[in-house]
1. Kindly indicate the residue of the stretch 567-596 that is of a type in the set (Ser, Thr, Tyr) and in contact with a helix residue (DSSP H, G or I) (Cβ under 7 Å, 6 or more places away or on another chain) and also nearest to Lys473 (Cα to Cα) among those meeting that condition.
2. Taking only the stretch 83-107 into account, find how many residues are in contact (Cβ under 8 Å) with a residue 24 or more places away in the chain and either more than 25 Å from the chain's Cα centre (by Cα) or outside any helix (DSSP H, G or I) (or both).
3. Testing Thr576 on (1) assigned to a loop (DSSP other than H, G, I, E, B); (2) farther than 15 Å from Cys370 by Cα, one condition comes back false. Which one is that?
4. Pairs please, first residue from the stretch 327-338 and outside the structural domain of Asp357 (by TED's automatic domain parsing) and free of Cβ contacts under 8 Å to residues at least 60 places away in the same chain, second anywhere and assigned to a loop (DSSP other than H, G, I, E, B) and among the aromatic types (Phe, Trp, Tyr), Cβ atoms under 8 Å, 6+ apart in sequence or on different chains.
5. So is Tyr356 aromatic (Phe, Trp, Tyr) and surrounded by fewer than 21 Cβ atoms within 10 Å (Cβ to Cβ) or not?
6. If a residue counts only when it is under 26 Å from Arg421 (Cα atoms) and out of contact with any His (no Cβ under 8 Å at 6 or more places or on another chain), which helices (runs of 4 or more DSSP H) contained entirely in the stretch 193-274 have at least 3 such residues?
7. Among the residues of the stretch 4-25, which ones are at pLDDT 90 or above, farther than 17 Å from Glu110 by Cβ and assigned to a loop (DSSP other than H, G, I, E, B)?
8. Search the stretch 75-93 for residues being modelled with pLDDT under 95 and either closer than 19 Å to Gln382 by Cβ or among the polar types (S, T, N, Q) (or both), and hand back the single one that is surrounded by the most Cβ atoms within 10 Å (Cβ to Cβ).
Amino acid sequence: MEKKLKNEILFFDESNMLRDIKKLNDPSIITFDHKSHTLLKNKQIKHQISDEFLDVETSKKITTRNYELLKWCELNTIKEKLTFHGVNIPKLFTDELISNLLIFLKKVIEVKNFLKRFPDSEIHASNELYDISKIFKISVIKIEQKVENEKLYFDEIRTSFTICNKQIGFKISNKKYQKIKRFFDIFFNILNFDLTTKNNSTLILELNTEQFDNLLIKSKENNISISYYGRRRPAIWNKNTFNIIRKSKCKIITTKNLSENNHKFQIDKNTKDYLKIFDEVLNQKILNDFFNIFDICIWPIVRKKFKNIIEPHLEFVIEEILLGENLFKKFKPKTIIMISEAGKSEQIISSLAKNYDDVEILHLQEGPHCDTVEAFENTYAQGVYPILADKYIVWGDTYEQDAIEIGKVQKSKIEVLGSPRFDNLQFNLNKNEEKYVLLATMPPQTESVFGLNTKNLENYKKSIIEICDIVTKMNKKMKIKLHPAIEILNLSNIIKEKFPKIEVIYQGDINPLIRNCSELIVTGLSTVIFQGQILKKPVISVPLIEYYWGEPSVYKTKSCIISNIDKLEHILHQLTIDSQYRSDIIKNGDKFVESCLKHRGTASQKIWEYIKNKNNDKYGII
């Protein structure tokens, strides 16, 4: 960092515009996020990044404090007053608030550290950075700027369509998505085979129809009635999912099935009443005392942030709760199957289910996670471990041990039944080809300060380009499966420009891509590693950002190759020329899969047998 700064300082983030710089007389500029850094970098405007005022240990402490503050909705007085029909509404927004609040906390400490180092600076700032600066400095010059509503990651849906074998990605707003979904709900109502309620029915909640196809289809073979309820995810979106729903005789529950005559009146009335209570609660002194970081009171700003994030969505979540209540009244499910307890639908339905003694919630393990003590707060916040669920269905012994030792889940709540997601995923020599190197990108983890750090993000982007360059120079073909969340880095455009022969894929099933690859490179920890191992591919994990979350089992067991960019070319070369080396890596993957995944090919059947036996015991059926 430069030792000398001009006295006139502009704090610049993504809410600012280039014209704000022109208003001042050649100020020193500090950028507070990757987007603003990229903007100024592309315009060749000299600036420094705020991350230079944070060290590793402070970054860890900020991340930890963020998780602590997110538990505000569990404070007794808050939970009691803001719970609506048994649902803790503020908690529904935890998934969105994780990154949003962390970005704010990061700015607070960066501003504090900057002003401690340069106390006599003349600070110019707008919006949130102005409010933060005023905490530490009486005299701050405000740049008038239009205040934008808080934009959440979930406010946009990324999708794609294919033209002439080329996939084109695009985004639509969540509001537009919901309008389209309502239209298709009308169509789905016509398709429903039978909406009559049967005893001991099972509710499938927000599962990916294609990924859990065997689970759905096996329900019919076990004579179990199932219904699908997806508020975020549709049950049908292509021919394959249509056939899965048809074969399983699955009912699709839509808003049309659940809405009542006075539905809109009830939503409006309850929203109005709740808004009044919500506003009163946000003025409680307990929150002023609770919201601090390193003894800095931040509640006045956080209060405004929470109001901007939660209030515009209150009508939506109250409607979701009322619909959920009608679901239980009309369809009377006895078993609920979900794969996370972080999403709004999952939290609402599992909370409402607690009003019924005869309803059991099954939480299926979604994928491999960082099973370390250091990563616990992160995995817990992501809904990995059960909170309201009655049973946690884990893949195998490795994750049973993790749930007990790390997740603190009671052994009596755990069932080791495998993963229905992989029932149909088997190595097939006749379908196995080696046409290209496949790179599967995992997004930066923005619930950690290290995933927001501009230098880390720049290095992440640089590393992806270097991987492409290495593979291309080795005269190997390449395909990239981009995670949708990674588009904050504009990677797809950069790759297409620099490497026009590399195919970039946004969405769709990755398994066919893995079957046809020679080597699989994954940028971190992901279920994709496991899929590659099942399909007997040599997997290379290249962690691009250090989060200090420890070493997960998949790394400890050496079941895949752990590499950095410098070693990648050598490893790819070895895998190409040394058949024994390649075979050993694949065998290590086989061993790991064997150790952590039981009942391969029969997990769906095991789950339905468990449900049938449970229902038989409950109702005394012999």
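1. Tyr581
2. Number of matching residues: 5.
3. (1)
4. Final answer for the pair search is Phe328/Tyr356.
5. yes
6. The helices (runs of 4 or more DSSP H) meeting that bar are 213-221, 239-248.
7. Within the stretch 4-25, Met17, Leu18, Leu24 qualify.
8. Thr77
The values are calculated or read from the model by the stated rules, or taken from the named source; none is laboratory data. Please read all numbers here as calculations on a predicted model, not as lab measurements. Glycine gets a Cβ as well: all are built from the backbone with ideal geometry, and neighbour counts include every protein chain shown.
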